[in-house]
1. How much of Ser257 can a 1.4 Å solvent probe reach, expressed as accessible area in Å² and rounded to 10?
2. Can you compute 3J(HN,Hα) from phi for each residue in region 141-148, using the Karplus curve 6.51 cos²θ - 1.76 cosθ + 1.60 with θ = phi - 60°, rounded to whole Hz and x for Gly and Pro?
3. So how exposed is Val153, as accessible area in Å² (1.4 Å probe, rounded to 10)?
4. Taking Cα centroids, how far is region 236-304 from region 157-214 in Å?
5. Could you work out how far apart the two model spin labels at Leu17 and Arg248 are, taking each label as a point 7 Å from the Cα in the direction of the beta carbon, and quote it in nm?
6. Please list, in chain and number order, the residues 5+ apart from Asp80 or on another chain whose amide H is under 5 Å from its amide H, with Hs placed from the backbone.
7. Using a 1.4 Å probe on the protein heavy atoms, what percent of the accessible area of region 192-304 belongs to carbon and sulfur?
8. At 1.4 Å probe size, with no ligands or nucleic acids counted, give the accessible surface of Tyr263 in Å², nearest ten.
Amino acid sequence: MNTPPHVTLGETAAEILLSDASEASRVVMKAGKDGEPIKGAETWIVSGSAFQSESEASAAAELWRSQLMVAFAHALVGVDFGDRAAKGAFTTAGLAWVEQQAGRRAVNDVHGIVTFECDPPPIFASMSVTPVLGRNSDRFVKGLVAARSTGTVLDAESQLAYELFSASFFTTYSDARFLLLMMAIETLLSPSERDDRVQALVDEFILLLDQTDVGSSEAESLRGSLSQMRTESIGQAGRELARTLGDRRYMDMNSESFFSKSYNLRSKLVHGHSPRPGRDVIESCAAELERFAADLISLSIAQS
């Protein structure tokens, strides 16, 4: 997991026990370097042990990743879990060489999830996980407890939303940061179908199009655009999603109005509006958009 260097977890311990003491499998979070305190570490590792099979360990890793994503979003922390990171690995011969040099069994390390036999303890041939964590350790811990108690599992869309939200922490370019946050929010949208009268009207337009002598490529393009009108617009879907945040306020606006403002800025940026929105406008909106996106991703535990 990678997090921005300005974010730290307010802890001095070398590791934190994440799993409940009563659980058979022990899951801990620790700094990447042995003996290094968690506070200020650039690399964090989450490790679990005492699983009965590789499939059980993999399933637990997926569940923990999902719950940690929710907890980090709740704490306004961006973390790179390595799902899209470049992967490198030693060949069988390379691992054999490492084992010969170290006198221990060697396992490829990857930036992401890796499962391995823990007895005897292996040595990792490559260390590529790099996190830094937590603006507010109490908020993170409370979020993790809530995620675990509700059995939260993020769907693919929500995981992608978190990854885009997290990526926004790693860019200093204000427009790119703002657009990544908007992309994270749009990933969560599920536009509803319009009512039957609107869909019937769309069908009439398509039928009329089929009766014209417009060129095939142009007709296909128009047909695709018309078909998209069967569902509500991104703006409508976004305002509907924003309403799930209840009476929360952003930039002294209700959530629906704030989404509309943000979506309007997004449209001006991506469609080359001139003059483009000023940097100060984008940065101030992005600061609140970060919280808005985090609230949506972690809404399942906020409502529990």
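The values are calculated or read from the model by the stated rules, or taken from the named source; none is laboratory data. On a predicted model such as this, the values are computed, not experimentally measured, just so you know. Every residue, glycine among them, receives a Cβ derived from its backbone with ideal geometry; neighbour counts consider all protein chains shown. Heavy atoms of the whole protein, side chains included, go into the accessibility calculation; ligands, DNA and RNA do not. Shrake-Rupley method; radii C 1.70, N 1.55, O 1.52, S 1.80 Å.
1. 50 Å²
2. 4, 4, x, 5, 4, 5, 4, 6
3. 100 Å²
4. Value for the Cα centre distance between the two parts: 15 Å.
5. So the two model labels end up 3.2 nm from each other.
6. Asn2, Thr3
7. With neighbouring chains kept in place, the figure for region 192-304 is 49 percent.
8. The accessible area comes out at roughly 50 Å².
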